[in-house]
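Colleague: The structure is given below, and queries will be raised subsequently.
The values are calculated or read from the model by the stated rules, or taken from the named source; none is laboratory data. Here the structure is a predicted model, which is why all the values come from computation and not from measurement. Counting neighbours? That spans all protein chains shown, and the Cβs are built from the backbone with ideal geometry, glycine included. Areas reflect the complete protein model, heavy atoms only, side chains present, ligands, DNA and RNA absent. Shrake-Rupley method; radii C 1.70, N 1.55, O 1.52, S 1.80 Å.
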Amino acid sequence: MRQALSRRRFLAGVGASCAAAAVGPQTATASASPAPTQSEIEATLDELVVASLDEHDVPGATVAVVDGDTTLTEGYGVADRERGGEVDPAETAFRLGSVSKSVTATALMDAIQRGEISPDEPVSEHVDGRVAPERSVTLAELITHRGGFEASNRGMWYPDAGSLRPLATLLATEPQKQVREPGTVGSYSNFGYALAGQVLAASADDPFHRAIDDALLGPAGMSDSSFEQPLPDSIAASHATGHSSLGPFRDGEFPLLGLRPAGSLSATADDVARFLELHLHGGTVDGEQVLEPGTIDAMHEQWATHHEQLDGMGFGLIEEHRGDVRTLWHNGATQSFYSQFVLVPERDFGLFIGLNAATGSAATDVVDGVLDAVLPDTEPPSLAPDGEPTRAAELTGTYRALQQSHTWHDRATSVLNAPTIGVRVADDGALVTERGDSTNRWVEIEPLVFQHESDGRRIAFGEAGGRIQYLFSGGSPTAFGRVERVDRLQLHGVLALLTMFGALSSVGGWPAGALYRRLRAERAGEVDDVSWETLLGSRTNRAKLVAGSGFVAALGGLALVIVHLGVTPFRALSDPPVTFRALFAGPVLGLVAAVGSLGYAGRLWLAGDGSRLGRVHYTLVAASLAGLCWLLWYWNLLVPPP
């Protein structure tokens, strides 16, 4: 195993730089400020990491920097908040999350360059028919997140090795639905990468973790890295502890990932440094050609973009510009780890940071700070609007990230967590976007393409069926889709309030009304014996019993589903047990009651039973119960998961 170089030896070779600002290609003026000295960069790196760990309350970090032929790896903080232990960049492995995708893509491109697989053929040519998706999709579309898949937790998380199924079996039995045509607009997909990884496994006729060991990790000398789950004892014993609100995950015992190629890699900083070297040195490490010649050049090409004026994706790498400097990067997050790396091929520079807490802002602070220190300052041109944008009225509206679940029971959490952007046009012609507490102004530079008025970022709009349907943000692989009609959360909020009115006025109102009438009758001395026969002999009472029971069953079942999710979140979201599925009996009974209630409403009107006001009220209650069932159906909470 290589020894990590000291900072002083590393600094003798410093002079490269990189960038990770999420902007499109642009022309910017670089200032002529002098390059930082070696001591300044050393101080900057130390200061940024230590300050970031302290500010964001992160226990530890592991860092790798490659500059030309010089490599630095360094550990900071502690591997375990409670037990201590220093972070050793040569021995302490960190979970890398979606940084695994870039490693998977590298192995796939090497196989492509060897002529073993093709990026443009349907993946059905390489995998078993049970695994192939319904719509034909190519490897290139999977790697650039253009496979058309929804984004759910189905098949994602498993509590232990006993519940974890082989990758091919999981892809066949827990498929994620293609909700749009492949090759059109992008939506980040873990399932797509898992399917791409299965292409590598099928080509090698081995489980994925062995296939990528043989294809990449072994030849590159990344001996302290593994996709295997559970981890090999040699890596698990010295693995950093993951920290989150769910508690510490020690000795490599954290929730296991079903979609392995998308995020199950654990690695040391020393090993990640070797991966960075592969990408900066044309596929060589320590002077040895590990990858097929041409592999890295092919990966670094742009393979997809939502618009020619925007950044896009390399092969498993996200493209971004800082001024005129092109960078390639990826990040990754699990419940208790976060990692990020960035490459600047033209400067022969790479940077990686891993954290043992899922605090992305801590890593971003370090990456941005290092890049700001070593790159010349850039000054994007300031822009001012000159009239209204093209098709201004069609641009306004709300756009939501397409990375959502559509058919799984986590639809609500995925939609509520999906970034949403509001778009309007200001009086002076600037396009205004609002995302959370952030408001930005943009100026049109060509039809449907906008640049930020001061910082150089770019967005664009896309059409479908002749209408503006998509918003594209920089080089993000995920597009934003226009939110229309029944997908508006405001509509769901209003309907939820109305159904709650129906629930309260039936489950609470009818018994309260009956009790009031009985008390009044007792005072008047007109109380008769009450029996079930008397109660159920009335059509009106039977109708009320059906509607009220429907609300109790539907809402009670929903409450139990939520409790089960809270107790066993990973299992319930990814591979629901029988106990979880059984709880959907409540919503199903609610649906049966809704149909019965609507039927009773019609009978009450035809027979003229009760007062007109009573019939109107009952009809509204029945409609409320039907509305509740529609809401549960929309959010995939009406019937058990498939």
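Colleague: For Gly282, state whether it is within 18 Å of Ser223 (Cα to Cα) and surrounded by fewer than 24 Cβ atoms within 10 Å (Cβ to Cβ).
Modeller: So Gly282 does not fit the description; no.
Colleague: In addition: Only one residue in Glu141, Glu116 is part of a loop (DSSP other than H, G, I, E, B) and either more than 19 Å from Asn331 (Cβ to Cβ) or touching a Phe, Trp or Tyr at 6+ places or on another chain (Cβ under 8 Å) (or both), so which one is that?
Modeller: Exactly one residue qualifies, and that residue is Glu116.
Colleague: Tyr399 versus (1) open to solvent by 20 Å² or more (accessible area, probe 1.4 Å); (2) in contact (Cβ under 8 Å) with a residue 24 or more places away in the chain: which is the lone unmet condition?
Modeller: (1)
Colleague: From the list Phe570, Phe551, which residue is part of a helix (DSSP H, G or I) and in contact with a strand residue (DSSP E or B) (Cβ under 6 Å, 6 or more places away or on another chain)?
Modeller: Only one candidate qualifies: Phe570.
Colleague: OK, next. Please note which helices (runs of 4 or more DSSP H) are completely contained in segment 577-642 and include at least 2 residues that are out of contact with any Leu (no Cβ under 6 Å at 6 or more places or on another chain) and aromatic (Phe, Trp, Tyr).
Modeller: Of the helices (runs of 4 or more DSSP H) lying wholly inside segment 577-642, those with at least 2 residues that are out of contact with any Leu (no Cβ under 6 Å at 6 or more places or on another chain) and aromatic (Phe, Trp, Tyr) span 585-607, 612-634.
Colleague: Another question about this same structure. Among the residues that make up segment 146-167, is at least one of them surrounded by fewer than 24 Cβ atoms within 10 Å (Cβ to Cβ) and either of a type in the set (Phe, Trp, Tyr) or closer than 23 Å to Leu328 by Cβ (or both)?
Modeller: Scanning segment 146-167, I find at least one residue that is surrounded by fewer than 24 Cβ atoms within 10 Å (Cβ to Cβ) and either of a type in the set (Phe, Trp, Tyr) or closer than 23 Å to Leu328 by Cβ (or both), so the answer is yes.
Colleague: Quick one: which strands (runs of 3 or more DSSP E) sit completely within segment 404-497 and have at least 1 residues that are surrounded by fewer than 18 Cβ atoms within 10 Å (Cβ to Cβ), among the charged types (D, E, K, R) and touching a His at 6+ places or on another chain (Cβ under 9 Å)?
Modeller: Correct list: 438-446.
Colleague: Within segment 285-295, work out how many residues are out of contact with any strand residue (DSSP E or B) (no Cβ under 9 Å at 6 or more places or on another chain) and open to solvent by 10 Å² or more (accessible area, probe 1.4 Å).
Modeller: Total meeting the criteria: 7.
Colleague: Quick one: in segment 84-132, which of the residues that are among the aliphatic types (A, V, I, L, M) and open to solvent by 20 Å² or more (accessible area, probe 1.4 Å) is farthest from the chain's Cα centre (by Cα)?
Modeller: Ile112
Colleague: Would you mind stating whether Pro293 is farther than 26 Å from Gly60 by Cβ and part of a helix (DSSP H, G or I)?
Modeller: Answer is no for this residue.
Colleague: Return yes or no: is Leu53 open to solvent by less than 50 Å² (accessible area, probe 1.4 Å) and closer than 30 Å to Glu346 by Cβ?
Modeller: no
Colleague: How do the pairs read when you match residues in segment 316-343 that are touching a residue at least 40 places away in the same chain (Cβ under 8 Å) and more than 28 Å from His243 (Cα to Cα) with residues anywhere that are basic (Lys, Arg) and open to solvent by 20 Å² or more (accessible area, probe 1.4 Å), using Cβ under 7 Å and keeping only pairs 6 or more apart or on different chains?
Modeller: Close Cβ pairs (under 7 Å, with a partner that is basic (Lys, Arg) and open to solvent by 20 Å² or more (accessible area, probe 1.4 Å)) amount to Glu319/Arg326.
Residues checked against (1) small (Gly, Ala, Ser); (2) at pLDDT below 95; (3) closer than 29 Å to Thr407 by Cα:
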site	(1), (2), (3)
Arg523	no, yes, no
Leu535	no, yes, no
Val552	no, no, yes
Gly556	yes, no, yes
Gly566	yes, yes, yes
Arg571	no, yes, yes
Pro577	no, yes, yes
Ala585	yes, no, yes
His617	no, yes, no
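Colleague: Have a look at Ala626, Ala601, Ala585 and point out the one that is out of contact with any strand residue (DSSP E or B) (no Cβ under 7 Å at 6 or more places or on another chain), within 30 Å of Pro159 (Cα to Cα) and without any contact (Cβ under 8 Å) to a residue 60 or more places away in the chain.
Modeller: Just a single option satisfies the conditions, and that option is Ala585.
Colleague: Same structure again: Step by step: first the residues of segment 544-564, then only those that are within 17 Å of Pro641 (Cβ to Cβ) and free of Cβ contacts under 8 Å to residues at least 40 places away in the same chain, then the one that is least open to solvent (accessible area, probe 1.4 Å). Which residue is that?
Modeller: Step by step, filter segment 544-564, then rank; the result is Gly557.
Colleague: Could you tell me which of the residues Val567, Val592 is without any contact (Cβ under 8 Å) to a residue 12 or more places away in the chain and either of a type in the set (Phe, Trp, Tyr) or open to solvent by 60 Å² or more (accessible area, probe 1.4 Å) (or both)?
Modeller: Exactly one of Val567, Val592 is without any contact (Cβ under 8 Å) to a residue 12 or more places away in the chain and either of a type in the set (Phe, Trp, Tyr) or open to solvent by 60 Å² or more (accessible area, probe 1.4 Å) (or both), namely Val567.
Colleague: May I ask you to list the residues in segment 241-279 that are surrounded by 17 or more Cβ atoms within 10 Å (Cβ to Cβ), modelled with pLDDT under 95, among the hydrophobic types (A, V, I, L, M, F, W, C) and assigned to a loop (DSSP other than H, G, I, E, B)?
Modeller: Once the filter is applied, which keeps residues that are surrounded by 17 or more Cβ atoms within 10 Å (Cβ to Cβ), modelled with pLDDT under 95, among the hydrophobic types (A, V, I, L, M, F, W, C) and assigned to a loop (DSSP other than H, G, I, E, B), segment 241-279 yields only Phe254.
Colleague: Step by step: first the residues of segment 353-387, then only those that are over 24 Å from Asp88 (Cβ atoms) and in contact with a strand residue (DSSP E or B) (Cβ under 6 Å, 6 or more places away or on another chain), then the one that is most open to solvent (accessible area, probe 1.4 Å). Which residue is that?
Modeller: Glu379
Colleague: Looking at (1) farther than 17 Å from Phe149 by Cα; (2) surrounded by fewer than 24 Cβ atoms within 10 Å (Cβ to Cβ); (3) not aliphatic (A, V, I, L, M), can you tell me which one Tyr188 breaks?
Modeller: (1)
Colleague: Only one of Thr169, Thr138 is more than 28 Å from Ala479 (Cβ to Cβ) and at pLDDT 95 or above. Can you tell me which?
Modeller: The unique qualifying residue is Thr169.
Colleague: Of these, Ile421, Ile445, Ile468, which one is aliphatic (A, V, I, L, M), touching an Asp or Glu at 6+ places or on another chain (Cβ under 8 Å) and touching a residue at least 60 places away in the same chain (Cβ under 8 Å)?
Modeller: Sole residue among the options that is aliphatic (A, V, I, L, M), touching an Asp or Glu at 6+ places or on another chain (Cβ under 8 Å) and touching a residue at least 60 places away in the same chain (Cβ under 8 Å): Ile468.
Colleague: Does Ser414 fit the bill of being closer than 30 Å to Pro59 by Cα, of a type in the set (S, T, N, Q) and modelled with pLDDT of 95 or more?
Modeller: Yes.
Colleague: Given (1) modelled with pLDDT under 85; (2) surrounded by 17 or more Cβ atoms within 10 Å (Cβ to Cβ); (3) of a type in the set (Asp, Glu), where does Glu74 come up short, assuming only one miss?
Modeller: Among (1) modelled with pLDDT under 85; (2) surrounded by 17 or more Cβ atoms within 10 Å (Cβ to Cβ); (3) of a type in the set (Asp, Glu), Glu74 violates only (1).
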